[in-house]
Amino acid sequence: MDDVRVVRIETPYGPWEPAPLHEVVTLLRGSAAPWWVAGGYAVELAVGRAYREHGDVDIALLRRDQLAVRRLLDGWDVRVAGMDASFPPWPVDEVLPVEAHDIWVREHPDGPWRFQLMLDEADGDEWVFRRDPRVRRPLAGLTVEEDGFHRLTPEVQLLYKARGLRPKDEADFEAVLPVLTAAQRRWLDEALGIEHPAHPWRERLRG
């Protein structure tokens, strides 16, 4: 786990100074609910080497397990991002509405943001892509165990990244493409065909 190359980012809600990944992993090991490393770190771990800076640490979990993880963070400043400008706190034992999926976490209100929680959807034993419920896959194949914790499979993380095509997303695609299996390439190509039919990554996946 690369814990060195992080960057400070200023936001209207305060600065981001992401915690070292190993610290976040150690903290969340106290949760009985499943969770996994997502975002750029998930892709970098799949590649097997560090190749870029990170402005945050993304941890994903199923929406149905949200309260177990929130209780673990009792005493932290935990807030819901993206719903409205009020940036509301998330009280312990409050079930979030379905439109809430991006959670910012820091030790106290005067400190920098340390990591994000991302709430994923599920239907029974299937993961459901929150942007298009036609895209699904078994939960059993959603993550890969890595040094005692789980990380999101790279093809699923790339599907999330495909909408923005930011420089860091392109860097992640370039870095992980050589290590994707034929099955992973095929799954991502088919998922992009549903969500982004004209996406430029599709031709490169087939090549």
Each residue of the stretch 52-69 in turn: what ³J(HN,Hα) in whole Hz from Karplus with 6.51, -1.76, 1.60 and θ = phi - 60°, glycine and Pro shown as x?
7, 6, 10, x, 7, 10, 9, 10, 10, 7, 7, 3, 5, 9, 4, 5, 4, 6
Please report, in debye to the nearest 20, how large the charge dipole of the stretch 38-135 is about its Cα centre when each Lys and Arg carries +1 at its beta carbon and each Asp and Glu carries -1 there.
200
Using a Förster distance of 25 angstrom, determine the FRET efficiency expected from the C-beta separation of T181 and R29, and round it to 0.05.
0.30
For the stretch 157-199 and the stretch 1-70, what is the separation of their Cα centres, given in Å?
20
Can you order the peptides 145-154, 121-130 by their average number of other Cβ atoms within 10 Å per residue, highest first?
145-154, 121-130
Might you report the magnitude of the Cβ-based charge dipole of the chain about its Cα centre, with Lys and Arg at +1 and Asp and Glu at -1, to the nearest 20 debye?
540
Within the stretch 108-128, name every residue whose backbone N is under 16 Å away from a label modeled 7 Å from Cα of M83 along the Cβ vector.
117-120
Here are several values of Rg and Dmax of the Cα atoms in Å: (i) 18.5, 55; (ii) 16.7, 50; (iii) 19.2, 73. Which one was derived from the coordinates shown?
(ii)
Restricting things to alpha carbons, tell me how big the stretch 142-207 is in terms of Rg and Dmax, in Å.
11.8, 38
Low-density loop cleavage sites - trypsin sites (Lys or Arg not before Pro) in the stretch 1-93, where at most 16 other Cβ are within 10 Å (DSSP):
R5, R8, R29, R49, R52
Check W113: other-chain or 5+ apart residues with amide H under 5 Å from its amide H, H built from backbone geometry?
W16, E17
Please report the net charge: other residues with Cβ closer than 15 Å to the Cβ of L96, K and R +1, D and E -1.
-2
Neighbourhood charge, 11 Å Cβ-Cβ cut-off, centred on E174 and excluding it, Lys, Arg +1 and Asp, Glu -1
0
Which ³J(HN,Hα) values in Hz, rounded to whole numbers, follow from the phi angles of the stretch 183-199 under the Karplus curve 6.51 cos²θ - 1.76 cosθ + 1.60, where θ = phi - 60° and Gly and Pro get x?
5, 5, 4, 5, 4, 5, 4, 5, 5, 5, x, 7, 8, 9, x, 9, 5
Order the following by accessible area, largest value first: S31, S86. Probe radius 1.4 Å; ligands, DNA and RNA are ignored.
S86, S31
Residue (of A140, A32, I9) at the positive-pole extreme of the chain, dipole from beta-carbon charges
A140
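The values are calculated or read from the model by the stated rules, or taken from the named source; none is laboratory data. Remember, predicted model here, so these are calculated numbers, not experimental data. Note: ideal-geometry Cβ built from the backbone for every residue, glycine included; neighbour counts use all protein chains shown. For the accessible areas, the whole protein counts, side chains as well, though only heavy atoms, and no ligand, DNA or RNA atoms are used. Shrake-Rupley method; radii C 1.70, N 1.55, O 1.52, S 1.80 Å.
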